[in-house]
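Heads up: the structure comes next, in structure tokens.
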Amino acid sequence: MKKYSVLFAVVALVLASLACQTVLGGGTNFEVPDIQPMPELPEEAEDSEVIPTVPPVTTDDSGGDVTIGGQSEFPVTSDAFNVITTPDLVTFQTNMSTDDVLKFYRDEFAGQGYEEDASMAITFGKTFTLAFNGHSSGKVIYVVGADAGDGSLYVTITLG
């Protein structure tokens, strides 16, 4: 009986492997990208650590409010800082309490005609999730918050 179990397992693995190759496109028809060698470092830099840089981030003089990536359609609290936006997402920190943030978004999105999906509402200490239906894309707007550990909250709003 054990012989049949081992044989069955081998056949199942072979079939799974063939199925994966079929789904993923077969196997050997791929192009190898042209990989360029890294440029040589100047002699004085060889002993020092090279740290990759990112494009500079603009900050204002009032304390470091940051906007990266453009405008978002989603509202943020009046005290928002470390703001990062894209068309479908905004994330920031706030010093408002969890209850005040929940009230803010419930009022804001209800005022814009969105309907809260109460079955998705979760609040646990300073962590929360809200979901709103009615966006023109047909997607759900999620508002998620978590304790930042310094008295502030991280808040992320996205379409999902």
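The values are calculated or read from the model by the stated rules, or taken from the named source; none is laboratory data. Worth saying up front: this structure is predicted, and the values here are computed from it rather than measured. Please note: Cβ atoms are built from the backbone with ideal geometry, for glycine as well, and neighbour counts cover all protein chains shown.
For the reader, a short list of remarks on this structure follows.
- Boolean, T77 is surrounded by 13 or more Cβ atoms within 10 Å (Cβ to Cβ), in a loop (DSSP other than H, G, I, E, B) and at pLDDT 90 or above: yes
- Residue within the stretch 97-104 that is within 24 Å of F81 (Cβ to Cβ), of a type in the set (V, I, T) and buried (at least 17 other Cβ atoms within 10 Å of the Cβ) present: yes
- Screening the stretch 115-133 for residues that are over 20 Å from D99 (Cβ atoms) and modelled with pLDDT of 95 or more and picking the one that is surrounded by the most Cβ atoms within 10 Å (Cβ to Cβ) gives N133.
- Of all residues in the stretch 148-160, those being surrounded by fewer than 17 Cβ atoms within 10 Å (Cβ to Cβ) and either modelled with pLDDT of 95 or more or touching a His at 6+ places or on another chain (Cβ under 9 Å) (or both) number 2.
- Evaluation of A131 against (1) in contact with a Lys or Arg (Cβ under 7 Å, 6 or more places away or on another chain); (2) under 18 Å from E73 (Cβ atoms) (one fails), failing number: (1)
- The set of residues from the stretch 133-160 being part of a strand (DSSP E or B) and without any contact (Cβ under 8 Å) to a residue 24 or more places away in the chain comprises N133, Y142, V144, A146, D147.
- If the condition is being out of contact with any Phe, Trp or Tyr (no Cβ under 7 Å at 6 or more places or on another chain), closer than 23 Å to V83 by Cα and among the hydroxyl-bearing types (S, T, Y), then the stretch 124-148 contributes T127, Y142.
- Within the stretch 87-132, the set of residues being within 16 Å of T156 (Cβ to Cβ), more than 21 Å from the chain's Cα centre (by Cα) and assigned to a loop (DSSP other than H, G, I, E, B) comprises just one member, M96.
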